[in-house]
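Visitor: I am attaching a structure below and will ask some questions about it afterwards.
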Amino acid sequence: MGKTVVYALGGNALEAPGAAVGASSKVLAKVMSDIVDLLEMDWRVVITHGNGPQVGHLLELDAESHHSLDAWVAATQGMIGHQLSMHLQSILHRRRRPERTATVLTHVEVDAEDSGFSWPTKPVGPILDARTVMEADWDIAETINGPRRVVASPKPLKVVELDVVRQLVDLQAVVICGGGGGVPVVRQDAIMHGVPAVIDKDLFSARLAMDLGADALIISTAADAIYSNFGTEMAEACTSLSVEQALEMEAQGQFPPGSMLPKVNALCQFASATPTGRAVLCCPGEVLGALRGERGTTIHAS
């Protein structure tokens, strides 16, 4: 039986704010290439994905709030999961590979008292113009690309459908799950209730990878590597970092919140919990080079 990898794809990689028309299809082709490469190397693959731009667009359309935020998170799981599944199924069929896809609507338990509910940090939707920033009754924060709406983002505690995902992996399915970090829920008197938040996809992916006992966590994103001194003339791509080095850079404020920071935190969590595993960040289409240590950044326990 092959090793298991959680391949985390950013929502911005599929639909980057301000991206040119057709850009997402080019990224998707690279993602599919990564997945097939991993399968041909005998990896069992679980795909997770973000939904920041997509859920933000749906929230804009639902100006009168007919649906709750957790419902829109579930909707984007279906939309993006369908897109990924259709493309991948076609490729697997053409390649005459035995695997099939399975898209799982995924719920994630969070703490109702999580501080993330009091301090919204998760960017959703497009870059906002000056008028919208002034008039919209939203929480808005400046991101690396410009001002965006932000929503609550509690930490993921437990993947409700974990056993289902594990059984599908054992059946050699390519599982697509945890879209948008999963639908956030809290339990009250043994009953689950959705809550208005978006869980960070990377932190969810680390939680899932650790709970599955995965052998690798790959964060596939628009950034080609983790950089030291990012945004300065001294910026330098880091091919390899220890958890200690990454946390020191975090303490120095080198990773933008809502962008690279949760990715680094997720990789550090997985690397610390799985010393023999691989914790990798790379661009779509570069997974083979990243696993060889030639592309992206690998974070290791020591």
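Visitor: In the range 92-116, what count of residues is obtained for those that are within 14 Å of D37 (Cα to Cα) and in a helix (DSSP H, G or I)?
Guide: Selection size over the range 92-116: 2.
Visitor: All but one of (1) at pLDDT 90 or above; (2) farther than 27 Å from E286 by Cβ; (3) buried (at least 23 other Cβ atoms within 10 Å of the Cβ) hold for V45; which doesn't?
Guide: Of everything listed in (1) at pLDDT 90 or above; (2) farther than 27 Å from E286 by Cβ; (3) buried (at least 23 other Cβ atoms within 10 Å of the Cβ), V45 misses just condition (2).
Visitor: Applying the selection to the range 1-39, what residues are of a type in the set (D, E) and modelled with pLDDT of 95 or more?
Guide: The first filter runs over the range 1-39 and keeps only residues of a type in the set (D, E), leaving 15, 34, 37.
Matches in the range 1-39: D34, D37.
Visitor: What do you reckon, is L84 modelled with pLDDT of 85 or more, of a type outside the set (G, A, S), in a helix (DSSP H, G or I) and farther than 17 Å from D202 by Cα?
Guide: It is true that L84 is modelled with pLDDT of 85 or more, of a type outside the set (G, A, S), in a helix (DSSP H, G or I) and farther than 17 Å from D202 by Cα.
Visitor: Considering only the range 103-145, state which residues are charged (D, E, K, R) and touching a residue at least 24 places away in the same chain (Cβ under 8 Å).
Guide: E109, D111, D114, K122
Visitor: Just to be sure I understand the filter: pairs with C-beta atoms under 6 Å, separated by 6 or more residues or on different chains, first member in the range 214-242 and modelled with pLDDT of 95 or more, second member acidic (D, E) and buried (at least 23 other Cβ atoms within 10 Å of the Cβ). Which pairs pass?
Guide: From the range 214-242, the pairs are I219/D202.
Visitor: If you don't mind, another one. Which one of these does H107 not meet: (1) surrounded by 15 or more Cβ atoms within 10 Å (Cβ to Cβ); (2) at pLDDT 90 or above; (3) out of contact with any Pro (no Cβ under 9 Å at 6 or more places or on another chain)?
Guide: (3)
Visitor: Sticking with this one: Out of R100, R96, I need the residue that is free of Cβ contacts under 8 Å to residues at least 12 places away in the same chain, out of contact with any Asp or Glu (no Cβ under 9 Å at 6 or more places or on another chain) and over 28 Å from A223 (Cβ atoms). Which one?
Guide: Just one listed residue meets the conditions, R96.
Visitor: Now a separate question. If we keep just the residues of the range 284-302 that are outside any loop (DSSP other than H, G, I, E, B) and of a type in the set (G, A, S), which is surrounded by the fewest Cβ atoms within 10 Å (Cβ to Cβ)? Spell out the reasoning first.
Guide: We begin by selecting, within the range 284-302, every residue outside any loop (DSSP other than H, G, I, E, B); these are 287-291, 297-300.
Remaining after also requiring of a type in the set (G, A, S): 289-290.
On the way: G289: 13, A290: 25.
The residue in question is G289.
Visitor: Something else now. Would you check if there is a residue in the range 193-205 being of a type in the set (S, T, N, Q), surrounded by 19 or more Cβ atoms within 10 Å (Cβ to Cβ) and in contact with a Ser or Thr (Cβ under 7 Å, 6 or more places away or on another chain)?
Guide: Of the range 193-205, the ones of a type in the set (S, T, N, Q) are 205.
Next, only the ones that are surrounded by 19 or more Cβ atoms within 10 Å (Cβ to Cβ) stay: 205.
If we keep only those that are in contact with a Ser or Thr (Cβ under 7 Å, 6 or more places away or on another chain) as well, we get 205.
For the range 193-205, residues of a type in the set (S, T, N, Q), surrounded by 19 or more Cβ atoms within 10 Å (Cβ to Cβ) and in contact with a Ser or Thr (Cβ under 7 Å, 6 or more places away or on another chain): present.
The values are calculated or read from the model by the stated rules, or taken from the named source; none is laboratory data. Just so we're clear, the structure is a prediction, and the values are computed from it rather than from any experiment. Every residue, glycine as well, gets a Cβ built from its backbone with ideal geometry; the counts of neighbours run over all protein chains shown.
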